Amino acid sequence: MNSIGFRHGLRLVFLFFFQVLVLKQVHLNWGDFNYISIILYPLWILLLPVQTARWILVAGGFLAGLGVDWFYDSPGVHASAATFTGFLRPFILSYLEPRGGYNRVPIPSKAHLGLNWFVTYASIMLIGYLFIYISMEVFTPALLGTILVKTLFSFIISILMVLLYMFIFDPK
């Protein structure tokens with residue numbers, strides 16, 4: 001296995017275990033206000049190389065989500081959201097493609113494309129993930145207000161965690 005594959009595999013293992021062993025135990029609720037879920041592991045999908053094949057993104061997202069579902073006792077909720085994120089990623093990358101393209105950029109990260117670009121990219125992807133995740137968790141369109149509020153509050157905390165991760169492990 002080459003060093004890039006090893007690095008991304010290590011990132012997946014770290015993010016997966018951090019999600020299921022640490023973040024699962026964090027409960028940010030105040031009384032009846034239970035609208036916050038901290039989600040960090042989809043960052044693995046976001047930081048895969050730009051040229052990663054779509055089927056690898058979708059299959060990898062599905063398997064990672066299925067593993068998280070196993071620990072969270074939520075059959076298919078994370079798997080569906082992570083699969084959607086893997087499917088959505090090429091479209092978002094093509095929409096946000098810089099003028100010169102991604103020819104010299106191996107990984108869509110803060111270090112390679114700048115903080116503003118990365119925050120926009122991560123925000124779009126994380127909102128997509130959280131909306132599908134929470135929609136599958138609630139599983140009724142009658143509670144659209146609840147879905148949107150929970151998506152917003154979960155997004156705020158999760159994007160802060162993503163940025164914290166990027167500043168710690170990708171400080172350039």
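Descriptive notes on the structure:
- Of all residues in region 144-172, those that are closer than 15 Å to LEU15 by Cα have Cβ atoms under 8 Å from Cβ atoms of residues that are hydroxyl-bearing (Ser, Thr, Tyr), 6 or more apart or on another chain, in SER158/SER37; ILE159/SER123; MET166/SER109; ASP170/SER109.
- Test: residue in region 81-95 that is over 20 Å from ARG11 (Cβ atoms), surrounded by 15 or more Cβ atoms within 10 Å (Cβ to Cβ) and under 18 Å from the mean Cα position of the chain (by Cα): yes
- Some residue of region 119-134 being in contact with a His (Cβ under 7 Å, 6 or more places away or on another chain) and surrounded by fewer than 21 Cβ atoms within 10 Å (Cβ to Cβ): no
- Contact map, region 1-18: residues that are within 25 Å of HIS78 (Cβ to Cβ) paired with residues that are loosely packed, with under 13 Cβ neighbours inside 10 Å and at pLDDT below 90, Cβ distance under 6 Å, separation 6+ or inter-chain. No pairs are found.
- Among the residues making up region 12-49, those that are assigned to a helix (DSSP H, G or I), surrounded by 11 or more Cβ atoms within 10 Å (Cβ to Cβ) and at pLDDT below 90 are LEU23, LYS24.
- Residue check, THR52 crowded, with 16+ Cβ neighbours inside 10 Å and hydroxyl-bearing (Ser, Thr, Tyr): yes
The values are calculated or read from the model by the stated rules, or taken from the named source; none is laboratory data. Just so we're clear, the structure is a prediction, and the values are computed from it rather than from any experiment. Cβ atoms come from the backbone with ideal geometry, glycine included; neighbour counts cover every protein chain shown.
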